[in-house]
Ligand SMILES: [Zn+2]
């Protein structure tokens, strides 16, 4: 894959640590690694469209921070990737392989995350099912199940960790062979909201808040929009008000400055 993934980071067959963090290249993964006290991290190269940019970001951060990062190529899920970049049941595939390596598998899902495979109920059921199947106690969980994405970034900022490294992460689901975020996808909207709510500016090819899907709700309520983006209504509204977009009401559409 042209990103310089070093084969000596492939984990298959290495000693199993007590816990492992399923890592992507985004904000949540990077903050989770700090939040959990710098555990062993595992990245699955899934053959999806974001893998080059995602891995480049992760590899840069791993070198800067000394992240013990293992890379697995056991799964090729690219053919199941939907148009919006979502891979259905992605988390289930990853957890099934990660549990061979550790008794605690940390996934990264925030409050109101999209995807039924990243809900707290799913994590509890998975823990039970896998524990029964493998005959030992396995815990599957997210450190951020009760935190919004905005709160996750706030925690990072409160630790006085470098903001530049947060911006170095990769969240875009439509990257177009560049590290610049498009500003026109769900990943970019989520990134913008969490950063803006913490007073952090990050570059986007196009301003996320000018995307009509963020500005106008076509009669949908904000809580529905929150579900679309996997955000809590309050953090979405807070970010929009920071750029002069009024909160929506059932009767009225949103307006921008
Ligand atoms: Zn994007």
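The values are calculated or read from the model by the stated rules, or taken from the named source; none is laboratory data. Quick caveat: nothing in here was measured; it's all calculated off a predicted structure. So basically every Cβ, Gly included, is an ideal-geometry build from the backbone, and we count neighbours across all protein chains shown.
Worth a mention:
- Number of the condition not met by residue 176 [criteria: (1) outside any helix (DSSP H, G or I); (2) modelled with pLDDT of 90 or more]: (2)
- Qualifying residue in the stretch 176-188 (condition: away from the ligand (no atom under 16 Å from the Cβ) and surrounded by fewer than 22 Cβ atoms within 10 Å (Cβ to Cβ)): no
- Criterion violated by residue 209 - all others in (1) at pLDDT 75 or above; (2) assigned to a loop (DSSP other than H, G, I, E, B); (3) more than 12 Å from the ligand (Cβ to nearest atom) satisfied: (2)
- For residue 155, the conditions (1) in a helix (DSSP H, G or I); (2) within 16 Å of the ligand (Cβ to nearest atom) all hold with the exception of (2).
- Selected residue (only one of 171, 160, 142 is more than 16 Å from the ligand (Cβ to nearest atom) and in contact with a strand residue (DSSP E or B) (Cβ under 9 Å, 6 or more places away or on another chain)): 142
- The set of residues in the stretch 29-75 being part of a helix (DSSP H, G or I) and farther than 21 Å from residue 191 by Cα consists of 63, 64, 65.
- In this structure, residue 47 qualifies as in contact with a helix residue (DSSP H, G or I) (Cβ under 7 Å, 6 or more places away or on another chain), surrounded by fewer than 20 Cβ atoms within 10 Å (Cβ to Cβ) and not assigned by TED's automatic domain parsing to the domain that holds residue 228.
- Members of the stretch 157-200 that are over 20 Å from residue 35 (Cβ atoms) and in contact with a helix residue (DSSP H, G or I) (Cβ under 7 Å, 6 or more places away or on another chain): 172, 173, 175, 179, 181, 182, 183, 186, 188, 189, 192, 196
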